[in-house]
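Following: one structure in structure tokens, then a few remarks.
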Amino acid sequence: MLVNNIFYFVNRYFNYLFSVPSALILMLLFSLAIGFATFIENDYGTTAARAVVFNAWWLELCLFLLCSIFIFNVFKYKLYFVRKLPILFLHLSFICIIIGAGITRYIGTEGVMRIREGGLSNQFISSNLFLEFKIHDNEYEYNGKKELLLSSISNNFFSIPVNFENYRIHVEYQDFIHDPIDRIVLNSVNGSRVLEFIVPAQNGGMDSKYLAYNDIQDINNLSVSYNNNTIDSELKVFEKDSVFYFTCIYDVEYMKMSDQSKGILTSNQTHILNHKTLYTINGKNIVFKNAFKNASLTQVPSGVKNNQAQLDLLRIKLIVSEKDTIIDLYGNSGLISSKEYFNFNNLFFSFSYGPINHTLPFAISLKDFQLDRYPGSESPSSFASDIQVIDGNNTFDYRIFMNNVLNYRGYRFFQSSYDSDEKGTILSVNQDKWGTLVTYFGYLSLLLSVLSLMVSRFSRINLLSKKINNI
């Protein structure tokens, strides 16, 4: 009796789970999720939408259940008979489109390829970002890699345990800050002297840049150091008896804002660093504004939406046999990040955050990049790349432009963008042969479903037509 009740319970809910109403509910939830992702993408960027919705486990579960329901109903309602072909094609279209999306998600590869005019390349960098690290002790070596999808509104936590020799090592997520900028914290307990400079902003306004004691920073494309003589910098600032001085490897033009007086300060000489004075160094403008005592710097996002053109900050904690340290890694899509090398607890480490390199089985040479503009405007109307594909003894020319894609050996190359000096091209690379074929078959099946509804004598349209003609 108990077995029969269990069987009845399982069978009842199994049939409900794989029923048409369940499919409709899942399709409604999927539509709402996609709509929600659109608002997230608009407010926080594409990466946030991927992290919260598109790559979420619950959306993948929803699509898996939908695909399972469609497959189950093909056999439950015997849709493989001729008279039910329109419904069969409709189910097959959804099945193939979902499976094609899954193949693209887990097997396909996307990336960006940059080539300069006259240059040759057989590598492209991935669209996805990875945390890569290496550990060695001069005898053995360990290489690790983890794909990351980080955003300001998703749960970014991860922990990577590593067994290396007799060491217990953990790499843990600490913080993620997109488009980080410095923010000064006054009256800090462990603070020191921090200088504030004013430089022109990209949007036409003015930005504050901060320089901590014994530090060196890139300020308006100038390397500026403060009481740091260990590394050469273009502008060296130091303090003596509460007065600030500087030396510069260039001649410095100045203009005092109080009386508009101007002059030139000789290079490699010591000069007083005055407040509210505009200094022009090698064509770059900079103003010394403030000097704060007992201050420290923290980094915060510069805005709500992530700017893909700026580097993001990934802060991780490295734990080695009960000892830990914090590591700051900067990276973003479209640019291979530099590695951080250091020694910690008698081990050597290297860490990096960013895309990884993929190697093509052939090479592409950029013969010429062409950019056309609208008449009387600087806005580009079209751009194209004249390339040459070099694959051993097989060599041929091709022209890539909008809607003219290069398909070769399972790779698809799209014209994406170009370098700012218009002497280099940026191509989007896609390797997803099977995902594309399966998805296209799903679209073909959807078209066959519509056509079969029009021509099949068993379709609802033709049956209603016959009834009308018999009246």
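If you check S350, S385, S338 for being touching a residue at least 24 places away in the same chain (Cβ under 8 Å) and within 23 Å of the chain's Cα centre (by Cα), only one passes: S350. The set of residues in the range 398-421 being under 11 Å from A384 (Cα atoms) and either acidic (D, E) or not in a loop (DSSP other than H, G, I, E, B) (or both) consists of Y398, R399, I400, F401, N404, F414, Q415, S416, S417, Y418.
Of the set (1) over 25 Å from K145 (Cβ atoms); (2) open to solvent by 70 Å² or more (accessible area, probe 1.4 Å); (3) not hydrophobic (A, V, I, L, M, F, W, C), all apply to D391 but (2). When you look at S365, is it in contact with a Gly (Cβ under 8 Å, 6 or more places away or on another chain), farther than 30 Å from Q174 by Cα and of a type outside the set (A, V, I, L, M, F, W, C), yes or no? So S365 fits the description; yes.
Scanning the range 388-411 for residues that are within 25 Å of T436 (Cα to Cα), without any contact (Cβ under 8 Å) to a residue 24 or more places away in the chain and not aromatic (F, W, Y) yields R399, M402, N403, N404, V405, L406, N407, G410. When I177, I160, I181, I169 are checked against the criterion of being out of contact with any Phe, Trp or Tyr (no Cβ under 8 Å at 6 or more places or on another chain), within 18 Å of I219 (Cβ to Cβ) and surrounded by 15 or more Cβ atoms within 10 Å (Cβ to Cβ), I181 stands alone in meeting it.
To keep it simple, each residue is scored yes or no on (1) within 32 Å of the chain's Cα centre (by Cα); (2) of a type outside the set (S, T, N, Q); (3) under 30 Å from D43 (Cα atoms).
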position	(1), (2), (3)
S151	yes, no, yes
Y167	no, yes, no
V171	yes, yes, no
I177	yes, yes, yes
P180	yes, yes, yes
P200	yes, yes, yes
S242	no, no, no
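Summed over the range 190-225, the residues that are without any contact (Cβ under 8 Å) to a residue 40 or more places away in the chain and outside any strand (DSSP E or B) give a count of 7.
Can you go through S242, S258 and tell me which one is closer than 14 Å to L195 by Cα, free of Cβ contacts under 8 Å to residues at least 40 places away in the same chain and out of contact with any strand residue (DSSP E or B) (no Cβ under 8 Å at 6 or more places or on another chain)?
S242
The values are calculated or read from the model by the stated rules, or taken from the named source; none is laboratory data. All values derive from a computational prediction rather than experimental measurement. For neighbour counting, all protein chains shown are included, and Cβ atoms are generated from backbone atoms with ideal geometry for every residue, glycine included. What goes into the accessible areas is simple: the full protein's heavy atoms, side chains included, and nothing from ligands, DNA or RNA. Shrake-Rupley method; radii C 1.70, N 1.55, O 1.52, S 1.80 Å.
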